[in-house]
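The values are calculated or read from the model by the stated rules, or taken from the named source; none is laboratory data. Please read all numbers here as calculations on a predicted model, not as lab measurements. Quick reminder, even Gly has a Cβ in these numbers, built from the backbone with ideal geometry, and neighbours come from all protein chains shown. Areas reflect the complete protein model, heavy atoms only, side chains present, ligands, DNA and RNA absent. Shrake-Rupley method; radii C 1.70, N 1.55, O 1.52, S 1.80 Å.
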Amino acid sequence: MADHCNGSSQSSESFVNIPPIKFTKLFIDGNFVDSVSGKTFEAIDPRTGEAITRVSEGDKEDVDLAVKAARFAFDNGPCPRLSGSERGRILMKFADLIEQNIEELATLEAINGGKLFSLCKFMEVPGAAMTLRYYAGAADKIYGTVLKLSKGLQGYTLREPIGVVGAILPWNFPTTMFFIKAAPALAAGCTMVVKPAEQTPLSALYYAHLAKLAGIPDGVLNVVNGFGETAGAAISSHMDIDKVRCMSSYVFIFKVILHLTSLNYGA
């Protein structure tokens, strides 16, 4: 395992100590657990091609457990029944925790995704906190519309959380994509099962840990590491998941540009 993460700027080169990898299991129903099969796979440092650590490999059985936890949390747990302001408060705390651990999170992204440490520390990870704060502010502003109908009647729309959301993440912007998908779903009161890309699972597990510290109830946010043909396929075909969020790389790049612009990240 490499001892340092190299990053550079126009003026100097920095060396960042790589912290111990704390979270390598699946995160289901508020706990880090081994996969049902007990299988693991290597998380690779693409700079060297060497293994950083091994993480639990989830498949259909693990997705079933995660969906069961998410469904129970949605149907019986407090999160969908919290006021929008209370959900917003929790997401604000989540954002605070990200900023308090920014060095470690940026290092994980650098060593697991092969990205510049400076890009992770000063753009992608702070962007996660900004995204959470944006949707935290929107959580108590979700409202419907009154519609004027014929014959003196009126109708109305009522916006409600859709239920259990499955999210399948790409490898190239793990943090950005995690929060573009998770922040609006959590703000609306949905519960989630997230499958990070098999190339970059480490930051998603750390975010799951911070979510629990922030006060997100057990079962609301679940993370299942694994491969597309097993865990990803199980999420895509699961009949108890109400919505699946994934996108092609071209759509993703377009959405990231719009997203960063909306956060006043770039002109």
> Looking at the square roots a ≥ b ≥ c of the eigenvalues of the Cα gyration tensor of the range 166-253, which shape do they give, rounded for a/c under 1.5, prolate if a/b is larger than b/c, or oblate?
Replying inline: rounded
> Shape call for the range 161-217 from the C-alpha gyration tensor, a ≥ b ≥ c root eigenvalues: rounded (a/c under 1.5), prolate (a/b greater than b/c) or oblate?
Replying inline: oblate
> Tell me, what % of the accessible area of the chain is carbon and sulfur with a 1.4 angstrom probe?
Replying inline: 57 percent
>> Need the C-alpha centroid separation for the range 66-132 versus the range 169-225, integer Å.
In response: 7 Å
>> Once you place label points 7 Å from the Cα toward the Cβ at Ile162 and Gln199, how far apart are they in nm?
In response: 2.6 nm
> For volume of the Cα convex hull per residue in Å³, which listed value, (1) 146; (2) 191; (3) 178, comes from the coordinates shown?
Replying inline: (1)
> Between Arg81 and Asp140, 0.36 nm times their residue separation minus their Cα-Cα distance comes to what?
Replying inline: 20.0 nm
>> Rounded, prolate or oblate, given the Cα gyration tensor of the range 52-141, with a/c below 1.5 counting as rounded?
In response: oblate
> So how do Cys246, Cys120 rank on accessible area, 1.4 Å probe, biggest first, that is with the largest at the start?
Replying inline: Cys246, Cys120
> If you build a Gaussian network model of the chain, linking Cα atoms that sit under 10 Å apart, which residue out of Pro201, Pro46, Pro80 swings the most?
Replying inline: Pro46
>> If R₀ is 30 angstrom, what is the calculated FRET efficiency for the pair Leu147 and Lys243, using the beta carbon separation as r and rounding to 0.05?
In response: 0.75
>> Can you tell me what share of the DSSP beta bridges in the chain is antiparallel? A percent to the nearest 5 is fine.
In response: 60 percent
> Which angle between 0 and 90 degrees, to the nearest 10, do you get for helix 102-113 versus the longest principal axis of the chain when only C-alpha atoms count?
Replying inline: 70 degrees
> Any idea of Glu50's accessible area? Nearest 10 Å², probe 1.4 Å.
Replying inline: 90 Å²
>> Using only Cα atoms and rounding to the nearest 10 degrees, what angle (0 to 90) does helix 60-76 make with the longest principal axis of the chain?
In response: 40 degrees
>> Given a 10 angstrom Cα cut-off, can you work out which residue in Ala51, Ala136, Ala185 is the most mobile in a GNM of the chain?
In response: Ala51
> What accessible area per residue comes out for the chain, rounded to a whole number of Å², with a 1.4 Å probe?
Replying inline: 48 Å²
> Mind checking the angle between helix 84-100 and the chain's longest principal axis? C-alpha axes, 0 to 90 degrees, to the nearest 10.
Replying inline: 10 degrees
